[in-house]
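The next block holds one structure in the form of structure tokens; read it before the comments.
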Amino acid sequence: MWRKSRSWCSSSNANDQRAITIECASDPKPPYAFKAIVYETLIKLCIDICKRNGKKKLLWFGDKAKTLNYNPKADEMVLTVHRWFAGKSCPGDWMYARMGDLAQKVTAALAENDTAPAQKPAAKCPYAEPTKDIAFGAKGNNVRWVQWHLNQTGEKLKIDGDFGKLTKAAVLKFQRTKKLVQDGIVGPKTRAALKKAVK
């Protein structure tokens, strides 16, 4: 970005060169309070900024000298305020009193996201996909493919390769759930819906 186009939001060249500046709507008079939705959105925005920049902690020291002398770790981001660099009240006493709360809520959300269990990869069917319609009375691995996929959607069929009454009932239930033609036959559309349900 051209130097003339930069926003000197904290009135400090040095600080703005390394800062991400945020402005929020507030009441027009002291203590310049935020509406609840503005504060909630600010928290979400800070979480997003930290994630995009690979940060796991948002810090607030509440002291200009300590903040500027602190050398943040690679996964840390530090909050500063406009009033430290100019004769301004920005961000207003209401928000200034909540800077620690902001940092705490953002850091907690980042930690929660970081410790969330990884999503398990989709299970892989051990049977080859059928190339023809499968219906009541059929036997073999084509039926096992159908039974395996139905079980992934919550059924508890015995994978025995026998397209009997229980398998047909499960197929009809699945077709009804997916708003398919309820004929109990596993044709191309039902096979496609079964595969999609497992992904």
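The values are calculated or read from the model by the stated rules, or taken from the named source; none is laboratory data. What you see is a predicted model, and the numbers here were worked out from it, not measured in a lab. Positions of Cβ are generated from backbone atoms using ideal geometry, with glycine treated the same way; all protein chains shown enter the neighbour counts.
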Within region 149-179, can you find the residues that are of a type in the set (V, I, T), within 35 Å of the chain's Cα centre (by Cα) and not in a helix (DSSP H, G or I)? T153
Mind listing just one residue for me: the one in region 18-54 that is under 20 Å from R83 (Cα atoms) and outside any loop (DSSP other than H, G, I, E, B) and, of those, modelled with the lowest pLDDT? R18
Suppose we keep only residues that are under 24 Å from D48 (Cβ atoms) and among the small types (G, A, S) within region 63-96. Which one would you say is surrounded by the most Cβ atoms within 10 Å (Cβ to Cβ)? G92
I'd like to know if region 156-166 contains one or more residues that are under 30 Å from K66 (Cα atoms) and in contact with a helix residue (DSSP H, G or I) (Cβ under 9 Å, 6 or more places away or on another chain). no
Hey, can you tell me all the residues within region 77-101 that are part of a loop (DSSP other than H, G, I, E, B) and either among the hydrophobic types (A, V, I, L, M, F, W, C) or in contact with a His (Cβ under 8 Å, 6 or more places away or on another chain) (or both)? L79, V81, F85, A86, K88, C90, P91, A97
